[in-house]
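Presented below is the structure to which this report refers.
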Amino acid sequence: MSESHSGTADAGPFAEQQRLFELLSQDTRHLIIQELLGHPAHLMSLAELEYMTGKSQAAIKDQLETLTEAGLLARYTYEPSEGKRDLPSKFYGFTERGVEILHNYKYLRGLPVARALYENTRKTEKIERHESAPRPELPAAVVEALEFDEPDLDAVDG
């Protein structure tokens with residue numbers, strides 16, 4: 001059995017599982033995934049990710065590249081906003097493969113908590129502007145996988 005650059009075995013029944021676990025568990029990548037799960041549109045600009053994770057843009061870009069190369073995320077472009085100074089045009093969001101992996105690793109069970117944390121985070125004016133910016137559409141299978149029933153808070157109050 002050969003060894004990969006990380007010292008893990010390349011072959012065997014659990015090699016892919018171990019690779020995915022390492023991919024998902026790295027701190028910055030984990031934060032990016034959690035913030036994307038919590039975002040109402042599940043698509044975030046680089047500035048939103050920087051603000052919400054507290055990591056530098058350089059660190060985020062490196063990890064976005066890793067997640068994109070692994071097929072979990074894709075960069076989506078909203079062309080009408082290209083060239084507009086105040087609005088982002090590039091966003092990062094999940095792919096069909098990405099939500100399938102997140103489902104298999106039970107990440108999607110945390111959607112309601114991720115949403116609550118996101119909604120209860122105080123945001124700057126710039127981040128609120130980015131959050132409300134028009135975005136491209138995610139693939140229908142991704143949208144469907146990320147849907148969950150919002151709790152009926154009126155029933156709790158009454």
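Scanning the chain for trypsin sites (Lys or Arg not before Pro) in DSSP loops with at most 12 other Cβ atoms within 10 Å, what's the longest stretch left with none? Here the longest run is 1-83. Between residue 86 and residue 105, the simple spin-label model (points 7 angstrom out along Cα→Cβ) gives 3.8 nm.
Overall, the anisotropy analysis places region 43-158 in the oblate class: the square-rooted eigenvalues a ≥ b ≥ c of its C-alpha gyration tensor yield a/c not less than 1.5, with a/b not exceeding b/c. A 1.4 Å probe, protein heavy atoms only, puts the accessible area of residue 66 near 50 Å². Placing R0 at 25 angstrom, the Cβ-Cβ distance between residue 26 and residue 113 gives a FRET efficiency of 0.75 after rounding to 0.05. The calculated FRET efficiency for the pair residue 77 and residue 14, based on their C-beta separation and a Förster distance of 35 Å, comes to about 0.40. With helices as the sole contributors, the chain gives -14000 deg cm²/dmol at 222 nm; each DSSP H run of n ≥ 4 counts as -39500 (n - 2.57), and the sum is divided by every residue.
The values are calculated or read from the model by the stated rules, or taken from the named source; none is laboratory data. Since we're looking at a predicted model, the values are computed, not measured. As a convention, Cβ positions derive from the backbone with ideal geometry for all residues, glycine included, and neighbour counts pool all protein chains shown. Keep in mind that these areas ignore ligands, DNA and RNA; they rest on the heavy atoms of the full protein, side chains included. Shrake-Rupley method; radii C 1.70, N 1.55, O 1.52, S 1.80 Å.
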